[in-house]
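Student: Pasting a structure below so you can have a look.
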Amino acid sequence: MHFDSLDEFLDHSKSRVEKTLNTVISRHGASETLSKAMAYSAGQGGKRVRAALVYGAARACGIEGAALDPLAGAVEAIHAYSLIHDDLPAMDDDDLRRGKPSCHIAFDEATAILAGDALQALAFELLTQAHGTQINAKQCLAMVSCLAQASGAKGMVAGQMLDMAAAHDAVDLSQLERLHELKTGALIVASVELGALSCAHVSPTQLEHLRHYAKAIGLAFQVQDDILDIESDTITLGKAQGSDVINEKSTYPALLGMKAAKERLSQLHHTATSNVKEFGEAAQPLIWLADFIVTRKY
């Protein structure tokens, strides 16, 4: 399928992954309240960048089709679970998520915790459903391992733990980058890797280039987040603007200054795009996504 723009590619990706999530969540009907809370949070999807990265990486490796939908659904389910838990009073204590009340505000704290737990489990259920004519059992196992490591104590959860510790103790630049490589970057890298692993013949060199691309845009995502916390506003962001400054969090602008933070953003963008050049025209959506991440306003 040909795409003429990022918006066209994002709309296509968003439509596919949201159809997948809506379908599978609607089938989890043992508790109506739980299903509503899961749907509420999984439905606050924004641009669905992580799902788009799954589709984009697979496309770069020559793979398209419905077999990718469970992979995209899995990363978005993990992402939704992480946002529910991050917003909890014991974590970041945020009342807003994408301009709407956080899950624990819209429902209650216990329901939010359980909805997050259920979405996490759903992600791995989805990966097992990817097994079919395009994706074999060996690939599925590699995908489960990839997402599990990115989501847990070697990835996103460890990053959240480091972030909580950093709220009380100042960190240097290397510590800050390590924190964000885990908290934000690990799931972004996993999104790209899942897409690549859908190709049974992806080479180690191709995988390495895609990981370098993903690692760069993962850090770039956070650098731009830090910049927007200063330069944007609450309505545009859909969450409280200026919270990093109020909470005295270590950020790229705080450690480097705004000019150097923007230079770092540009460097990361160059690293990302240069690592996918070998894939040619098939990698155009990945280039668009890198451009979007460093120029987005929310």
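We did not get these values from a lab; they are worked out from the coordinates using the rules stated. Just so it is clear, the model here is predicted, and its values are computed rather than measured. A quick note on method: Cβ atoms are made from the backbone with ideal geometry, for glycine too, and the neighbour counts reach across all protein chains shown.
Student: At 0.36 nm per residue, minus the direct Cα-Cα distance, what do Thr23 and Arg178 gain on full extension? Give it in nm, one decimal, please.
Tutor: Stretched fully, the Thr23-Arg178 segment lengthens by 52.2 nm.
Student: Using DSSP to call loops (not H, G, I, E or B), can you name the GluC sites (Glu not before Pro) in segment 1-81 whose Cβ has at most 15 other Cβ atoms within 10 angstrom? Before the final figure, lay out the partial values.
Tutor: Details: sites: Glu8, Glu18, Glu32, Glu64, Glu76; in loops: Glu64.
For GluC sites (Glu not before Pro) across segment 1-81 that sit outside H, G, I, E and B with at most 15 neighbouring Cβ atoms in 10 Å, the list reads Glu64.
Student: Let me ask something additional. Calculate the tail of P(r) for the chain: the fraction of all Cα-Cα distances greater than 36 Å, expressed in %. The partial results should precede the final answer.
Tutor: Details: 5151 of 44253 pairs.
Roughly 12 percent, once rounded to a whole number.
Student: I've got another one for you. State, as an integer percentage, the relative contact order of the chain based on alpha-carbon contacts under 8 Å between residues 6 or more apart.
Tutor: Working: 441 pairs, mean separation 60.6, N = 298.
Relative contact order of the chain: 20 percent.
Student: Testing the spin-label approximation: label points 7 Å from Cα along Cα→Cβ at Ala167 and Phe124. State their distance in nm.
Tutor: 2.7 nm
Student: Could you give the length gained by full extension between Met91 and His270, i.e. 0.36 nm per residue of separation minus their alpha carbon distance, to one decimal place? List each step's numbers first, then the result.
Tutor: On the way: separation 179, 0.36 × 179 = 64.44 nm, distance 3.37 nm.
Roughly 61.1 nm would be gained on extension.
Student: My understanding is that a pair violates if its Cα-Cα distance is over 25 Å; which of Lys47/Lys215; Lys14/Lys36; Lys36/Lys154; Lys19/Lys47; Lys36/Lys183 do that in this structure? Could the numbers behind the result be given before it?
Tutor: Values: Lys47/Lys215 19 Å; Lys14/Lys36 20 Å; Lys36/Lys154 30 Å; Lys19/Lys47 14 Å; Lys36/Lys183 27 Å.
Cα-Cα > 25 Å for Lys36/Lys154; Lys36/Lys183; rest within.
Student: Given the DSSP H assignment, sum -39500 (n - 2.57) over each helix run of at least 4 residues in the chain and divide by its residue total; what's the result at 222 nm in deg cm²/dmol, nearest 500? Provide the component values of the computation, followed by the final result.
Tutor: Working: 16 runs with 202 residues, N = 298.
Counting only the DSSP helices, I get -21500 deg cm²/dmol.
Student: Sort out for me the Cα centre separation of segment 129-153 from segment 21-52, rounded to whole Å.
Tutor: 21 Å
Student: Tell me which of Gly280, Ile227, Ala123 sits at the most positive position along the dipole axis of the chain, charges placed on C-beta atoms (Lys, Arg +1; Asp, Glu -1).
Tutor: Gly280
Student: How big is the charge dipole of segment 32-116 about its Cα centre, in debye rounded to the nearest 20, if each Lys and Arg gets +1 on its Cβ and each Asp and Glu gets -1 on its Cβ?
Tutor: Computed charge dipole of segment 32-116: roughly 480 debye.
Student: HN-Hα J couplings of segment 56-63 from phi, Karplus 6.51/-1.76/1.60, θ = phi - 60°, integer Hz, Gly and Pro as x?
Tutor: Each residue's phi maps through the Karplus curve to give x, 5, 4, 4, 4, 8, x, 10 Hz.
Student: Would you pull out the residues with amide H under 5 Å of Arg97's amide H, same chain only if 5 or more places away, H placed 1.01 Å from N?
Tutor: Ser102
Student: Per residue of segment 202-218, what does 6.51 cos²θ - 1.76 cosθ + 1.60 with θ = phi - 60° give for ³J(HN,Hα)? Whole Hz please, x for Gly and Pro, Karplus curve as stated.
Tutor: Once rounded to whole Hz, the list reads 4, 8, x, 5, 4, 4, 5, 4, 5, 5, 4, 4, 5, 4, 5, 6, x.
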